[in-house]
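The values are calculated or read from the model by the stated rules, or taken from the named source; none is laboratory data. Here the structure is a predicted model, which is why all the values come from computation and not from measurement. So basically every Cβ, Gly included, is an ideal-geometry build from the backbone, and we count neighbours across all protein chains shown.
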Amino acid sequence: MRHKQRGMTLISWVLVLGIAFLFGVAALRLVPVYLEYMKISSSLNVVQGEFSGQTPTVTDVRKALARQFDVNDVHIIKKDDVKIERQGGAFVMRAQYDHRTPFIANVGFIVAFDKSVQITATQ
């Protein structure tokens, strides 16, 4: 009478746990990067809502953005790294940056972010 082998062997368990460990370490490294991006995105959206329907100056927008970066504790980029351009009757704020984070030894991740919002004035 033959018995069928069931389950995973020790080697397959080690492989599965090794792969799960790598994904876990990657998640631990990348989650803070995306949380920081969410704070930057939120700051841009708050400034957009603050000046919606108004005609602010670039200085007003930069001051409001600096205030939001302070409130949200953003340190990856500075208010001067956000490009503010006038396009027609509106301002466009664009935060475009790369974030580097280490992974294991000399291997790391580079994550590129690009967020832009438009502040439109009502006519």
Considering each of D70, D60 in turn, give the residue that is surrounded by 15 or more Cβ atoms within 10 Å (Cβ to Cβ), without any contact (Cβ under 8 Å) to a residue 12 or more places away in the chain and either hydroxyl-bearing (S, T, Y) or on the phi < 0 side of the Ramachandran plot (or both). D60
Out of all the residues in the range 57-72, is one or more part of a helix (DSSP H, G or I), of a type in the set (D, E) and under 17 Å from D114 (Cα atoms)? no
Subset of the range 1-29 (residues that are surrounded by 10 or more Cβ atoms within 10 Å (Cβ to Cβ) and part of a loop (DSSP other than H, G, I, E, B)): M8
Scope the range 13-27; condition β-branched (V, I, T) and under 15 Å from T101 (Cβ atoms); matching residues: V25
Residues to consider are V111, V47; find the one that is at pLDDT 95 or above and in contact with a Leu (Cβ under 9 Å, 6 or more places away or on another chain). V111
Name every residue in the range 43-56 that is within 20 Å of F113 (Cα to Cα) and surrounded by 15 or more Cβ atoms within 10 Å (Cβ to Cβ), in order of residue number. S43, L44, V46, V47, Q48
Filter pass, V31 being β-branched (V, I, T) and at pLDDT 95 or above: yes
